[in-house]
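For reference, the structure discussed in these notes is given below.
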Amino acid sequence: MREVPHTSEVHVMATTPAGRSSVEDLRYPAGSLVLLAGLPGAGKSTLLDRLYGLRGDEREPVRAGEARVIDSRQSRNWWARYLGPVPPRARIPLVHTTHVVRIARALLKGHAVVAHTRGTWPHILYGFAWLARRVDSEVHLILLDVEPRTAREGQLSRGRVVTSATFARHCRRWRVIIDRARGGSFPPAASVTILDRPAADLLGAIHFDERSPARRDG
């Protein structure tokens, strides 16, 4: 098990080769917000499904011990009951706003959170880092770094394909984020773990320390 240091410094915990990864379990401080980021189709939801037994039809955050597992599909499924005739692209702002609100609400209640996020929207990371500081918590990133072709194949397999122009923008922004993370200059995060697809397949669990009795129990 790899324990993430309890510091405010940025740590790129792993950049993995095609072989076996040294990161099979990850541990974080109690009450942390762990954001799983990557290109559309990189496999973020697939990883959450495997780690937490999600089916993909959930409408609410899923409890995993003291943690809350929050995937954007949950918000999309919740709104699907009311937005049937609304085109999928028109639903995006509402779905993502709901997703962000759910993450913030769980963090404010003192829960540890593991959440899917759009990794190419850095302003969201800064917003969550600000909120985490307000509740004496930390933001930690797991960056699922795959080749654009692999991410495109993932979009096709899930049946939700972003336009070529949109995907190209995601790829450009993602490259900047990865380069900054590898260089150790990613200020919103207390730690960064970079996983390629083979390493993500080997990740066994995400653990959180036990909560101190002195802390609020949310």
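The values are calculated or read from the model by the stated rules, or taken from the named source; none is laboratory data. Bear in mind the structure is a predicted one, so any value in this text is a computation, not a measurement. Because the Cβ atoms are built from the backbone with ideal geometry, glycine has one as well, and the counts that use them run over all protein chains shown. Please note that ligands, DNA and RNA were not included when accessible areas were found on the heavy atoms of the full protein model with its side chains. Shrake-Rupley method; radii C 1.70, N 1.55, O 1.52, S 1.80 Å.
Okay, residues lined up against (1) in a loop (DSSP other than H, G, I, E, B); (2) under 14 Å from the mean Cα position of the chain (by Cα); (3) over 22 Å from Arg175 (Cβ atoms); (4) modelled with pLDDT of 90 or more:
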| residue | (1), (2), (3), (4) |
| --- | --- |
| His6 | yes, no, yes, no |
| Gly19 | yes, no, yes, no |
| Ser22 | yes, no, yes, no |
| Gly31 | yes, no, yes, yes |
| Leu36 | no, yes, no, yes |
| Glu60 | yes, no, yes, yes |
| Arg63 | no, no, yes, yes |
Inset, instruction - Being open to solvent by less than 50 Å² (accessible area, probe 1.4 Å) and assigned to a helix (DSSP H, G or I) is the filter; apply it to the range 199-216 and report the residue that is farthest from Asp136 (Cα to Cα). - result: Ala199
Legend entry - Any chance Thr46 is surrounded by fewer than 20 Cβ atoms within 10 Å (Cβ to Cβ), farther than 29 Å from Glu147 by Cβ, under 16 Å from the mean Cα position of the chain (by Cα) and of a type in the set (Ser, Thr, Tyr): no
Inset, instruction - Please work out which one of (1) touching a residue at least 24 places away in the same chain (Cβ under 8 Å); (2) surrounded by 17 or more Cβ atoms within 10 Å (Cβ to Cβ) is the condition Val95 fails and give its number. - result: (1)
